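Here the structure comes first, spelled out in structure tokens, and everything after it is commentary.
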Amino acid sequence: MVNENWNGHHRFFLNAKDTMLDVPTMEAIKTVYPDVPLKKEFEDFEAPISTKNVKEVIDWEPLYSWRDAAFSS
């Protein structure tokens, strides 16, 4: 991949957009870490690790969710 605006180096953590939990993300976080202040609220099963940086820098984003395959019958 060639990106003319690339400067220096970047670190990326590639992950899915959703969790593998059977409870919504906010419910899980509040159950396990009730006193931890959050910078944002998470919707449904949204992954608490953002893929925003890798999308902006190299235009990568996950294409699939295990939920699509698991519930597509």
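Read the figures in this text as sums done on the coordinates, not as results from a lab. Note that this is a predicted model, so its numbers are computed, not measured. Every residue, glycine among them, receives a Cβ derived from its backbone with ideal geometry; neighbour counts consider all protein chains shown.
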* Structure fact -> Of the residues in the stretch 1-59 that are under 13 Å from the mean Cα position of the chain (by Cα) and among the aromatic types (Phe, Trp, Tyr), the one that is nearest to residue 71 (Cα to Cα) is 45
* To do: For residues that are loosely packed, with under 11 Cβ neighbours inside 10 Å and either of a type in the set (Val, Ile, Thr) or under 30 Å from residue 5 (Cβ atoms) (or both), tally how many sit in the stretch 24-53.
  => 6
* So which helices (runs of 4 or more DSSP H) are wholly in the chain and hold at least 1 residues that are in contact (Cβ under 8 Å) with a residue 40 or more places away in the chain? -> 52-58, 66-70
* **Selection within the stretch 54-68 - closer than 16 Å to residue 21 by Cβ and either small (Gly, Ala, Ser) or surrounded by 13 or more Cβ atoms within 10 Å (Cβ to Cβ) (or both)** => 65, 67
